[in-house]
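The values are calculated or read from the model by the stated rules, or taken from the named source; none is laboratory data. Predicted, not measured: the structure shown is a model, and the values here were computed from it. As a convention, Cβ positions derive from the backbone with ideal geometry for all residues, glycine included, and neighbour counts pool all protein chains shown.
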Amino acid sequence: MTKLTTTVVVALMLMALTIMSASAATSVEVRSSVLTGSNSLDATNFAGFFYDLDDNISTETMNITVSGRNIAAGGLQYNTTLTSVDYASTNLNTTSNPKYNVMGLFAEKYVPLTATTPDKLSKLLLDSDDKYTLRTGTALELPGGYALTAKQIDVEGNKVWMEFTKDGEFVEDEILDVSNGTVVWTYEADDVAGEDDVIVMKVAVTNVFQGQVDSLAVVEGAWLMDYENVMELETDDTFDKLELVNVGATSLEMENTNSITLTEDKTISIAQGMSFKVADDSTPRFYVMKEFTEPGTYEIRGEVASGTGAQSWTATNFAGFYYDLDDDISTEIMNISSISTRNIAAGALTYNTSIASVDYASANLNTTSNPKYNVMGLFAEKYIPLDSTTPDKLSKLLLDSDDKYTLRTGTALELPGGYALTAKQIDVEGNKVWMEFTKDGEFVEDEILDVSNGTVVWTYEADDVAGEDDVIVMKVAVTNVFQGQVDSLAVVEGAWLMDYENVMEIETDDTFDKLEVVTIGSGTLNMENTNSITLTQDKTISIAQGMSFKVADDSALRYYPFAELTIEDDGVSQPDEPDEGEEPVTPGNETDVPETPETPETPETPETPETPGNDTEGDDEVPGFEAIFAIAGLLAVAYLVRRN
């Protein structure tokens, strides 16, 4: 390869590396009940706080004293205590370790290294009674980079050689004999923040199998704490707004040392991902929330109910239900009229929801023609009715954001549901931007937006959406564009999107698991259970669309509703389907094999620029106007190399 060719290829590769796509961070918000003044929170009115349903145990409390919008120094008090609970799997409740100590801390679960003093804490990563079947040589991936591997099984099928690793590095191994039944491997580590014999992992192996083709080990119960990351605490330690004022024998006490102002329309950090969210309203209305950003599935629960009496859940006591803090609006309500022993009779469970009108998250989107939008909470998720009066056609709300994004031309703002927004080009005067809206990489619509007179809102209306025309499905506010010598940029401050390609059409008598639609009224949906529901001890009972009841493992009836939200791990690719003739791999137990790097492809010659609005499927991306400067620079470099 000549020097000229080498230089051009390297320069093109460097240009490619500068193309970064913008995307909104994915998170789950778990909130408390809504507050308007001084109040106390515990696990009953803040779903983020640690709660053990089976033993009816919680550890965290927060007392808030508010005067107007001000919390004076010492007016925010947070306390938590050690408690002892059962392992999720009864297989792990051995004679020597029938329970374990736990402490809720900032709405997460921690394990103390000693039973008496909570000054050394490790995060609880796993407490599971799930069943896993492992082929030999495959790994059961655990949280935090830990893994458990069935290395080999003896020829008689009685013993399994297990290995425990962290980030692929060996930690410990053990040969377990299950010929007499379930065996529990308890791994104790030494010198964990100065402590010895600390139980950091427990796993129950219930069976092994040596077949002609497969060798298997069955795990039913796993417990793990992150012993390599210990939080060591001392009096006067600070966690954002809170200071540790006392490390007791079994408790921690904290308070704010400086005053806190609950400023309108602000999110105010308290500590470790726990915050106040304040309404954009003259009335000081707020709630405490915990934001989770790590990949995983999170349970958002409602108020705990006990006994056979009537019970009701709304957005005030079920954090999963839709709630708009700024306008103080909610739409969902679920009632149980009565329970006979553990039985909810047909018609005794009712679920109702209604259409409400709310502001866009970004004030930039509140145009004169569309100052608000209609929304409906349905099974703890947000939906948009295609008709403002009848909720018989609903699309999921994917995005309502006031975040600010700066897009280079040619780069895409990745939106939920496979949708994307791309700043294709900016005109030479830096006043207009050519924007394109796509779905799964396919062209949907484009528009040239002129921001010379200030913010402009692009509203895309689709036709024939479940038979409806002129349906607003996307709105985006572009506040500025910039044409520089190197970069061309477009600034987006406000985006709204619904999944108009997947419309839920609802009719009377439609069923959603245990619920049936009994009436579709003017702006309302009403459902009830047509068959009886038994709240069986130690069971999770589906209600509808990811909403369930969880029942305590206790002779006394105790239960709560909950919804689950999942944060996907976008950094991990899904395994491919096995080729014909290959043995399938048990999900969750895959061991990745590094692929052989492919030979880099030769860069393609750029195609002729497209005309706005005339995109065709399969066309390559057109470089923005700034490509002219980049190509000129490349030619100059190439000329100098050739000359030398």
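Quick look at the numbers
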quantity: Residue identified as modelled with pLDDT of 95 or more and touching a Leu at 6+ places or on another chain (Cβ under 9 Å) among E234, E169, E220, E174; calculated: E234
quantity: Count of residues meeting criterion [closer than 19 Å to V503 by Cα and either in contact with a strand residue (DSSP E or B) (Cβ under 6 Å, 6 or more places away or on another chain) or at pLDDT below 95 (or both)] in the stretch 438-466; calculated: 8
quantity: A271 vs. criteria of a type in the set (A, V, I, L, M, F, W, C), more than 28 Å from the chain's Cα centre (by Cα) and farther than 18 Å from Y323 by Cβ; calculated: no
quantity: Failed criterion for S340 (all others in (1) over 29 Å from F106 (Cα atoms); (2) under 23 Å from the mean Cα position of the chain (by Cα) hold); calculated: (2)
quantity: Matching strands (runs of 3 or more DSSP E) fully within the stretch 494-551 where at least 1 residues are closer than 30 Å to D55 by Cβ; calculated: 524-529, 540-544, 547-551
quantity: Only one of V288, V245 that is at pLDDT 95 or above, surrounded by 20 or more Cβ atoms within 10 Å (Cβ to Cβ) and of a type in the set (V, I, T); calculated: V288
quantity: Test: T95 is out of contact with any helix residue (DSSP H, G or I) (no Cβ under 8 Å at 6 or more places or on another chain) and part of a strand (DSSP E or B); calculated: no
quantity: Filtered residue count, the stretch 410-432, keeping only those that are closer than 11 Å to S488 by Cβ, of a type in the set (A, V, I, L, M) and either under 25 Å from the mean Cα position of the chain (by Cα) or buried (at least 17 other Cβ atoms within 10 Å of the Cβ) (or both); calculated: 2
quantity: The stretch 392-404 - residue that is over 18 Å from the mean Cα position of the chain (by Cα) and surrounded by 20 or more Cβ atoms within 10 Å (Cβ to Cβ) and, of those, nearest to I426 (Cα to Cα); calculated: S395
quantity: Selection count, the stretch 202-250, where residues are hydrophobic (A, V, I, L, M, F, W, C) and without any contact (Cβ under 8 Å) to a residue 40 or more places away in the chain; calculated: 2
quantity: Strands (runs of 3 or more DSSP E) wholly inside the stretch 233-321 containing at least 2 residues that are under 20 Å from Q77 (Cα atoms); calculated: 242-247, 251-256, 267-271, 274-278, 286-292
quantity: Residue count for the stretch 35-56, restricted to those that are of a type in the set (S, T, N, Q) and surrounded by 19 or more Cβ atoms within 10 Å (Cβ to Cβ); calculated: 1
quantity: Residues satisfying the stated conditions in the stretch 433-456, i.e. in a strand (DSSP E or B), under 14 Å from T479 (Cβ atoms) and either of a type in the set (D, E) or in contact (Cβ under 8 Å) with a residue 40 or more places away in the chain (or both); calculated: V433, M435, D450
quantity: Qualifying residue in the stretch 543-559 (condition: touching a Lys or Arg at 6+ places or on another chain (Cβ under 6 Å) and not aliphatic (A, V, I, L, M)); calculated: no
quantity: Residue list for the stretch 225-239, restricted to those being out of contact with any Ser or Thr (no Cβ under 9 Å at 6 or more places or on another chain) and of a type in the set (A, V, I, L, M, F, W, C); calculated: L233, F239
quantity: Filter result (surrounded by fewer than 17 Cβ atoms within 10 Å (Cβ to Cβ), of a type in the set (S, T, Y) and part of a strand (DSSP E or B)) within the stretch 147-192; calculated: T186
quantity: Residues located in the stretch 122-139, provided they are in contact with a Pro (Cβ under 7 Å, 6 or more places away or on another chain) and surrounded by fewer than 20 Cβ atoms within 10 Å (Cβ to Cβ); calculated: L126
quantity: Test for T83: is it within 24 Å of D190 (Cα to Cα), of a type outside the set (D, E, K, R) and without any contact (Cβ under 8 Å) to a residue 40 or more places away in the chain; calculated: yes
quantity: Neighbours by Cβ (under 8 Å, 6+ apart or cross-chain): first from the stretch 540-568, free of Cβ contacts under 8 Å to residues at least 24 places away in the same chain; second exposed (fewer than 15 other Cβ atoms within 10 Å of the Cβ) and small (G, A, S); calculated: S548/S542
quantity: Test: residue in the stretch 505-528 that is buried (at least 19 other Cβ atoms within 10 Å of the Cβ), among the polar types (S, T, N, Q) and more than 20 Å from T389 (Cα to Cα); calculated: no
quantity: Unmet requirement for T59, which otherwise passes all of (1) surrounded by 17 or more Cβ atoms within 10 Å (Cβ to Cβ); (2) modelled with pLDDT under 95; (3) farther than 17 Å from E303 by Cβ; (4) within 27 Å of the chain's Cα centre (by Cα); calculated: (2)
quantity: Residue, nearest to S306 (Cα to Cα), within the stretch 529-553, restricted to residues that are surrounded by fewer than 20 Cβ atoms within 10 Å (Cβ to Cβ) and among the aliphatic types (A, V, I, L, M); calculated: I541
quantity: Qualifying position, being closer than 26 Å to Y373 by Cα and touching a residue at least 40 places away in the same chain (Cβ under 8 Å), among A495, A462; calculated: A495
quantity: Test set (1) over 31 Å from the mean Cα position of the chain (by Cα); (2) of a type outside the set (D, E, K, R); (3) under 22 Å from K99 (Cβ atoms) - P143 fails condition number; calculated: (1)
quantity: Answer from A88, A115 - the residue that is assigned to a loop (DSSP other than H, G, I, E, B) and within 27 Å of the chain's Cα centre (by Cα); calculated: A88
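Rundown of residues vs (1) surrounded by fewer than 18 Cβ atoms within 10 Å (Cβ to Cβ); (2) farther than 30 Å from N258 by Cα, yes/no style:
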| residue | (1), (2) |
| --- | --- |
| N70 | yes, no |
| S89 | no, yes |
| P98 | yes, yes |
| T116 | yes, yes |
